[in-house]
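Trainee: The structure that follows is given in the form of structure tokens.
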Amino acid sequence: MKVNTARKIDYFVGIPICFFFSIIENIKKHFFSKPIIKALPKKIVFLELSEIGSAIFSFPLIKKVKEKYPNAEIYFWIFKENSEVLSLFDFIPKNNIIFMRSRKILTLFIDVLKNIRKIREEKIDTIIDLELFSRFSSILSYLSGAKVRVGFYRYKLEGLYRGNLHTHRIMYNPYFHISKNFIFAIDALEAYLGEAPLVKRPQEKNNHFLPKINISNQEKENFWDKLKTVNSLLNRSSKIIIINFGFDNKITIREWPVEYYLELTRRILEKQGMFIAFAGTGLVNTTSLLPKHERYINLVEKITIKELICLFNISKVLISHDSGIIHMASLTDIHIIALFGPETPLLYGPLTKNKRVFYKSFTCSPCLSAYNHRNSICRNNKCMQAITVDEVYNEVIKIIE
């Protein structure tokens, strides 16, 4: 389903449904429901559908939940195309990953019904909605039947109506990294519900970092064998630079210009022993723009997420504009060069020490935010064009040498 179609459905269909369910919820609350008291959650489902990066950013929250409630059973609700990233770790059992297909409206509707039935049969008592001001996720939270429903709430903000369907309404803070915003969810479970906004406490001083994925030597060897079938010139001493210049056309203004990537590629390949591996998803045919070169490795949509992690482990640097691949790379120790413009790295920067973020701080940037559902009027991303090939190339050489 196209992003603009999803936005329109969320607005024109989501708002009236949220309003209708809010009336029902208010009637139940005043006449039938008992007040929610603090209780130990036994079954918790995390709801984060549409972004691989945001799903990865939820890992520190899940870790904290498991530490605080070690006996609670953990579930995750996500779109199918993003679900593979959850299989990289064992903290969520495979049978507890609930996914739905989002490509077509009919299959999405069918999967929603199946998912709600499964969640109700599992008797989930707590749902943590990590989507920012999405009416769709608010409705799903309500229909889940969970007694405790945690989610972001607009309070005095205008235009972000998603109903009153969450029992624990946390405030979104645009000055904290999104991973810290997610941590508010666990704090809300122990907060006094008569206080607003939730939650009120000093922020944690420490930065959150992601768990690292360990790749066995055998997995590395198997992946080297696969790479050699793609390019026979590769050997263990080869210096591999990963470039992701393709995208899935969801938010195209986040892209660095293709001609910049091509010039960067040409300059890197002037160095002997350097190989360029093209990875990522979307725009598969973009690599046809590249001139022929013996040290190209075209892996666009040819490897699994697990193999992508292997690629990170044997490569020197990843270069990419803001997209899910930089956050998957943060699960390893590879050096990351991340290019930001319409989105701010303050909120969505990679959670790793091995990073170099380029961000030009234009007066109009960031123009994508939770407040406009990442929908910008911009059609000429000068903030990305201002990041020069020279400075990115120099950073690559600095890391390599």
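Trainee: What number goes with the only condition from (1) more than 25 Å from ILE56 (Cα to Cα); (2) modelled with pLDDT of 95 or more that LYS147 does not pass?
Mentor: Of the numbered conditions (1) more than 25 Å from ILE56 (Cα to Cα); (2) modelled with pLDDT of 95 or more, the odd one out for LYS147 is (2).
Trainee: Turning to a different aspect of this structure: Which of the residues spanning region 5-25 are of a type in the set (Phe, Trp, Tyr) and either under 16 Å from SER137 (Cβ atoms) or in contact (Cβ under 8 Å) with a residue 12 or more places away in the chain (or both)?
Mentor: Correct list: TYR11, PHE19, PHE21.
Trainee: Among the residues of region 62-69, is there at least one that is free of Cβ contacts under 8 Å to residues at least 40 places away in the same chain and surrounded by 18 or more Cβ atoms within 10 Å (Cβ to Cβ)?
Mentor: yes
Trainee: If TYR192 passes every condition in (1) more than 21 Å from ILE78 (Cβ to Cβ); (2) modelled with pLDDT of 95 or more but one, which one does it miss?
Mentor: Of the numbered conditions (1) more than 21 Å from ILE78 (Cβ to Cβ); (2) modelled with pLDDT of 95 or more, the odd one out for TYR192 is (2).
Trainee: Hey, another quick one. Of everything in region 219-249 that's over 21 Å from THR304 (Cα atoms) and surrounded by 13 or more Cβ atoms within 10 Å (Cβ to Cβ), which residue is modelled with the lowest pLDDT?
Mentor: In this case the residue turns out to be SER238.
Trainee: Which one of these is touching a Pro at 6+ places or on another chain (Cβ under 8 Å) and more than 24 Å from THR352 (Cβ to Cβ): TYR75, TYR69?
Mentor: TYR69
Trainee: Check region 71-83 and report whether any residue there is surrounded by fewer than 21 Cβ atoms within 10 Å (Cβ to Cβ), farther than 23 Å from PHE209 by Cβ and of a type in the set (Asp, Glu).
Mentor: yes
Trainee: Name the residue, out of THR352, THR363, THR344, that is among the hydroxyl-bearing types (Ser, Thr, Tyr) and either in the same structural domain as PHE176 (by TED's automatic domain parsing) or loosely packed, with under 15 Cβ neighbours inside 10 Å (or both).
Mentor: That would be THR363, the only listed residue that is among the hydroxyl-bearing types (Ser, Thr, Tyr) and either in the same structural domain as PHE176 (by TED's automatic domain parsing) or loosely packed, with under 15 Cβ neighbours inside 10 Å (or both).
Trainee: Select the strands (runs of 3 or more DSSP E) contained entirely in region 297-365, then report the ones holding at least 2 residues which are free of Cβ contacts under 8 Å to residues at least 40 places away in the same chain.
Mentor: Answer list for region 297-365: 335-340, 355-359.
The values are calculated or read from the model by the stated rules, or taken from the named source; none is laboratory data. What you see is a predicted model, and the numbers here were worked out from it, not measured in a lab. Methodologically, a virtual Cβ is constructed for each residue, glycine included, from the backbone with ideal geometry; neighbour enumeration extends over all protein chains shown.
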